[in-house]
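Asker: Take this structure first; my questions come after.
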Amino acid sequence: MNIDELVSQMTIKEKAALCIGGSAWCTTSVRRLGIPEIIMTDGPHGLRRVENVNESHNIASLKESIPATCFPTASALAASWDVELIKEVGETIGEECIAQDVDIILGPGNNMKRTPLCGRNFEYFSEDPYLGGDLSAAFINGVQSKGVGATLKHFIANNQEYKRNTMSSEVDERTLREIYLRTFEIAIKKSRPWAVMCSYNKLNGTYCSESYELLTQILREEWKFDGIVMSDWGAIHDRIKSLKAGVDLEMPGPKKNSFKQLMTAIRNGELDEEILSKTAKRILKTIVRRYKVKEDKRDFDVNIHHSIARKTASESMVLLKNERDILPIEKPELIAIIGKAAKNPKIQGGGSSLVTPTNVDIPYEEIKKIAEGSKILYEEGYTMEDELNQEMINRAKDVAKIAKIALLFIALPPNKEFESYDRDDMHLSKQQVELIKSVSSVQPNTVVILNNGSPISMKEWIDDVPGVLQAWLMGQGGGKAVADILFGRINPSGKIAETFPVKLSDNPAYINYPGENDRVIYGEGIFVGYRYYDKKQIDVQFPFGYGLSYTTFEYSNLKVSSSKFRDIDGLALTVDVTNTGKMAGKEIVQLYVMDRESKLARPIKELKRFAKVDLRPGETKTISFNLDMQDFAYYSPQHKSWVTENGEFDIMVGKSSREICLTNRVNLISTTEISCTLNYNSTIREWLEDERGREIIENLSKNIMNNKEFQQISKGANIDMWKAAQDTQLIFILKQMAWSLPLVPDMIMSRLLTQVHGRRNK
Ligand code: BGC
């Protein structure tokens, strides 16, 4: 039976019920018509499927779930910059969905990292829309290649947990289009997710779950999204408004009130049954999509999946500091391992994403295996309480002093990185800072291994230690990955996908975060993350895109297909990358674009492409990139479209956002046809900014400048009248000069406007 026929056979009650969950994790089945339920499960870095998916939703639903592979969380995955790997993670999770009879996974999360304090940053990829969009797409493509659906969440501007249910994110149109929407747009266009989850918060005063503009006009009509929109759990305030806006599925269910509301609205004509039918069709389409390919439950190979988690962790870790080539470690006689996290690693954050792992690698045990022959001394160093314990520090110092190297495992307490609230600060505990300082004061060969999901403040201790490895919330295979990297069995190749600021107050959102009176103003606009730090020339702890390797790379021969090109033709580029060191390794090559001159403020650079390349010592590979019109465009709120401008752009290729190796300047010829926005009240400046208007004003200005009276006033007042006139309306000037004009000012104005509006922009 096709979907139209099926819907035509459904009663209003059945359609209304289908648009509301049947339980905490399922849609409502319609037995009479053989419509099965679909099962949804969190996400994103592994499955959290509870045994009884038919139970109703309550806080206890955060309880133990069926064991599944726990992969590194999104901030770690992103640091791999490896689309193929993230796709493989998606495929692996897809296989586990099949094994656990899950139809749709509630991930990936792709909210931009606006402040390091957001309690869910560990679940999100990046501060850069292109990187976040591309990596989300890779994950979705992986999951969906197995015939299981993925859910891109949380749509949109849910960039903090503080007051997430009531807060309105106040974001201007350009910022939305270029940053917050853009990253979802990229992911949706590259991967066609089966579902999008709308967020809890409001956007510019309207709940995202009630925004027709967001959920229908932008998502479906502009971007051609053809899946279902589901609500975040409990994000519906008014089922009628949300249905009309475009939320197909309210979760969780059942919700008697919403059901009643729908029935009453249909009865009294407030809701057109056609809207309900369309919604039901979209949900049915998703059910059919799944059932067409649904296989019988099939077990997955726990060991193989564990080894994928290990590989992913090792590709994600970032070597932040390696002075005196302190790493990799040659097996010393005595190693001091200090820190609770060496034996109790933090593999993930808290909240709805919590996975019950199938297995967990313990760093301490893994190091012991690799460092066979070395003597190892262990000290816990700190508890998860934030109180100073000098005795623990003294014991740690004692073992560090007599060892050849100290490996210090530092993890944030588990309740610090958690869904539903933000961190208060970026600090480690006092004990941990004191511990690092004390250990490094007696042991110059101290390496800190950081076990956390978003940046922490390092300024108090970073200069005291020669080595730092960012190991992230590393998933169940992280313990082995850490050991492999420390001992050089794996060459680290991750780079951070977000800026690590020196201090919190440097962060662009600092002044406005967390907002007041239920509004948080995104005052930094498009200048999020490195876009801000670069523009303001602020020193950072570690820049976006940064990470070290045990080998070295050199870039050469950046070539562009043309130094002058039309935007619609795009640009092809190649660059050579050589491994100039002694160890095989992987380099993440980053391509940034800068618009050298523009009407609107633009970032110093923006990431547009990247590639991860594997090189043997001495080997060179040529990397190719293609840029298209979109890569040079900005969003013009005035014209409600993306536009390019004629002029020079710098194409920059580098190792990080702050280490550009090669730059080529190119000249873009714009073919964007933008409509003329000049009107009766436009200022001289606005006329000059419009190509059509400029010619007219330039001629007019000659007359004005040559006007004797004008010259006299200008001289007498000792001001640059022309400059002063820039922000005056043209009509005002015409009226001042009315006595010397051949026609009345309004008539002249009307002719000028006809002239400019009738002409195409060049
Ligand atoms: C979270 C979602 C999650 C859902 C179901 C919500 O609180 O924001 O990300 O998928 O719960 O657990």
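The values are calculated or read from the model by the stated rules, or taken from the named source; none is laboratory data. Quick caveat: nothing in here was measured; it's all calculated off a predicted structure. Quick reminder, even Gly has a Cβ in these numbers, built from the backbone with ideal geometry, and neighbours come from all protein chains shown. When the accessible area is computed, the model is the full protein with side chains, heavy atoms only, and any ligands, DNA or RNA have been set aside. Shrake-Rupley method; radii C 1.70, N 1.55, O 1.52, S 1.80 Å.
Asker: Check Ser374, Ser353 and return the single one that is within 16 Å of the ligand (Cβ to nearest atom) and either hydroxyl-bearing (Ser, Thr, Tyr) or without any contact (Cβ under 8 Å) to a residue 24 or more places away in the chain (or both).
Answerer: Ser353
Asker: Next up: Can you pull out every residue in the stretch 256-281 that is more than 19 Å from Ser23 (Cα to Cα), in contact (Cβ under 8 Å) with a residue 12 or more places away in the chain and not β-branched (Val, Ile, Thr)?
Answerer: Met263, Ala265, Glu270, Leu271, Glu273, Leu276, Ser277, Lys281
Asker: Taking the stretch 528-541 only, how many residues are buried (at least 20 other Cβ atoms within 10 Å of the Cβ) and in a loop (DSSP other than H, G, I, E, B)?
Answerer: Number satisfying all stated conditions: 2.
Asker: Moving on to the next point. Any residue at all in the stretch 378-393 that is open to solvent by 10 Å² or more (accessible area, probe 1.4 Å), assigned by TED's automatic domain parsing to the domain that holds Gln476 and within 16 Å of the ligand (Cβ to nearest atom)?
Answerer: No: the stretch 378-393 contains no residue that is open to solvent by 10 Å² or more (accessible area, probe 1.4 Å), assigned by TED's automatic domain parsing to the domain that holds Gln476 and within 16 Å of the ligand (Cβ to nearest atom).
Asker: Let me ask another. Which one is farthest from Phe500 (Cα to Cα), of the residues in the stretch 445-467 that are part of a strand (DSSP E or B) and either polar (S, T, N, Q) or open to solvent by 10 Å² or more (accessible area, probe 1.4 Å) (or both)?
Answerer: By that ranking, first place goes to Thr446.
Asker: Counting just the residues of the stretch 18-56 that are within 30 Å of Ala68 (Cβ to Cβ) and part of a helix (DSSP H, G or I), which one comes out least open to solvent (accessible area, probe 1.4 Å)?
Answerer: Leu18
Asker: Given the criteria in contact with a Ser or Thr (Cβ under 9 Å, 6 or more places away or on another chain), part of a helix (DSSP H, G or I) and either surrounded by fewer than 15 Cβ atoms within 10 Å (Cβ to Cβ) or in contact (Cβ under 8 Å) with a residue 24 or more places away in the chain (or both), does Trp739 qualify?
Answerer: Against the criterion (in contact with a Ser or Thr (Cβ under 9 Å, 6 or more places away or on another chain), part of a helix (DSSP H, G or I) and either surrounded by fewer than 15 Cβ atoms within 10 Å (Cβ to Cβ) or in contact (Cβ under 8 Å) with a residue 24 or more places away in the chain (or both)), Trp739 does not qualify.
Asker: Hey, any hits in the stretch 100-113 for a residue that's touching an Asp or Glu at 6+ places or on another chain (Cβ under 7 Å), charged (D, E, K, R) and within 11 Å of the ligand (Cβ to nearest atom)?
Answerer: no
Asker: Further question on the same structure: I'm checking my understanding of the structure. Among residues of the stretch 567-595 that are touching a Leu at 6+ places or on another chain (Cβ under 8 Å) and of a type in the set (D, E, K, R), which one is nearest to Pro328 (Cα to Cα)?
Answerer: Residue satisfying both the conditions and the ranking: Lys586.
Asker: Let me ask something else about it. In the stretch 350-362, is there at least one residue being buried (at least 21 other Cβ atoms within 10 Å of the Cβ), modelled with pLDDT of 95 or more, of a type in the set (A, V, I, L, M) and farther than 30 Å from Gly234 by Cα?
Answerer: no
Asker: Within the stretch 571-587, take every residue that is without any contact (Cβ under 8 Å) to a residue 60 or more places away in the chain and not in a strand (DSSP E or B) and give me the one that is most open to solvent (accessible area, probe 1.4 Å).
Answerer: Here the answer is Lys582.
Asker: Considering only residues of the stretch 603-629 that are surrounded by fewer than 14 Cβ atoms within 10 Å (Cβ to Cβ) and free of Cβ contacts under 8 Å to residues at least 40 places away in the same chain, which is farthest from Val83 (Cα to Cα)?
Answerer: If we take residues in the stretch 603-629 being surrounded by fewer than 14 Cβ atoms within 10 Å (Cβ to Cβ) and free of Cβ contacts under 8 Å to residues at least 40 places away in the same chain, then Arg616 is farthest from Val83 (Cα to Cα).
Asker: Any residue at all in the stretch 410-426 that's touching a strand residue (DSSP E or B) at 6+ places or on another chain (Cβ under 6 Å), of a type in the set (Phe, Trp, Tyr) and away from the ligand (no atom under 16 Å from the Cβ)?
Answerer: no
Asker: Give the stretch 429-444 a look and list any residue that's among the basic types (Lys, Arg) and either touching a helix residue (DSSP H, G or I) at 6+ places or on another chain (Cβ under 9 Å) or assigned to a loop (DSSP other than H, G, I, E, B) (or both), or say none.
Answerer: Listed by number, the list holds a single entry, Lys437.
Asker: Next question, about the same structure. Outside the structural domain of Glu161 (by TED's automatic domain parsing), of a type in the set (D, E, K, R) and in a strand (DSSP E or B) - does that describe any residue in the stretch 510-522?
Answerer: Checking the stretch 510-522: at least one residue is outside the structural domain of Glu161 (by TED's automatic domain parsing), of a type in the set (D, E, K, R) and in a strand (DSSP E or B).
Asker: I would also like to ask the following. Mind telling me which of the residues Ile684, Ile660, Ile651 ends up being surrounded by 14 or more Cβ atoms within 10 Å (Cβ to Cβ) and under 28 Å from Gln726 (Cβ atoms)?
Answerer: Ile684
Asker: Another one. With the stretch 229-309 as the region, which helices (runs of 4 or more DSSP H) entirely inside it contain at least 2 residues that are of a type in the set (A, V, I, L, M) and over 28 Å from the mean Cα position of the chain (by Cα)?
Answerer: Answer list for the stretch 229-309: 256-267, 273-293.
Asker: Which condition from (1) open to solvent by 20 Å² or more (accessible area, probe 1.4 Å); (2) not in a helix (DSSP H, G or I) is the one that Glu88 breaks?
Answerer: Just one mismatch for Glu88, condition (2).
Asker: Run down Gly205, Gly142 and say which single residue is assigned by TED's automatic domain parsing to the domain that holds Ile240, small (Gly, Ala, Ser) and closer than 17 Å to Val83 by Cβ.
Answerer: It is Gly142.
Asker: One residue is enough: does the stretch 397-416 have a residue meeting the conditions modelled with pLDDT under 95 and open to solvent by less than 30 Å² (accessible area, probe 1.4 Å)?
Answerer: Scanning the stretch 397-416 turns up at least one residue that is modelled with pLDDT under 95 and open to solvent by less than 30 Å² (accessible area, probe 1.4 Å).
Asker: Still on this structure, please answer the following. Among the numbered criteria (1) away from the ligand (no atom under 16 Å from the Cβ); (2) buried (at least 16 other Cβ atoms within 10 Å of the Cβ), which single criterion is violated by Gly227?
Answerer: (1)
Asker: Determine, yes or no, whether Tyr180 is more than 16 Å from the ligand (Cβ to nearest atom) and buried (at least 22 other Cβ atoms within 10 Å of the Cβ).
Answerer: Yes: the conditions hold for Tyr180.
Asker: Now for a different question. Specify the residue that is nearest to the chain's Cα centre (by Cα); the eligible residues are those in the stretch 736-748 that are of a type in the set (A, V, I, L, M) and farther than 15 Å from Ile704 by Cβ.
Answerer: Step by step, filter the stretch 736-748, then rank; the result is Met747.
So that you can scan it fast, the table gives a plain yes or no per residue for (1) touching a Pro at 6+ places or on another chain (Cβ under 9 Å); (2) of a type in the set (Val, Ile, Thr); (3) at positive phi:
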site: Arg164; (1), (2), (3): no, no, no
site: Glu170; (1), (2), (3): no, no, no
site: Thr175; (1), (2), (3): no, yes, no
site: Phe184; (1), (2), (3): yes, no, no
site: Arg192; (1), (2), (3): no, no, yes
site: Cys198; (1), (2), (3): no, no, no
site: Cys208; (1), (2), (3): no, no, no
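Asker: Something else: Which residue is surrounded by the most Cβ atoms within 10 Å (Cβ to Cβ), if the candidates are limited to the stretch 188-202 and must be more than 16 Å from the ligand (Cβ to nearest atom) and farther than 24 Å from Ile39 by Cβ?
Answerer: Lys190
Asker: Being among the aliphatic types (A, V, I, L, M) and under 16 Å from Gly90 (Cβ atoms) is the filter; apply it to the stretch 294-312 and report the residue that is surrounded by the most Cβ atoms within 10 Å (Cβ to Cβ).
Answerer: Ala309
Asker: A follow-up question, please. Among the candidates Ile669, Ile697, which residue alone is within 21 Å of Ser598 (Cα to Cα) and open to solvent by less than 50 Å² (accessible area, probe 1.4 Å)?
Answerer: Ile697
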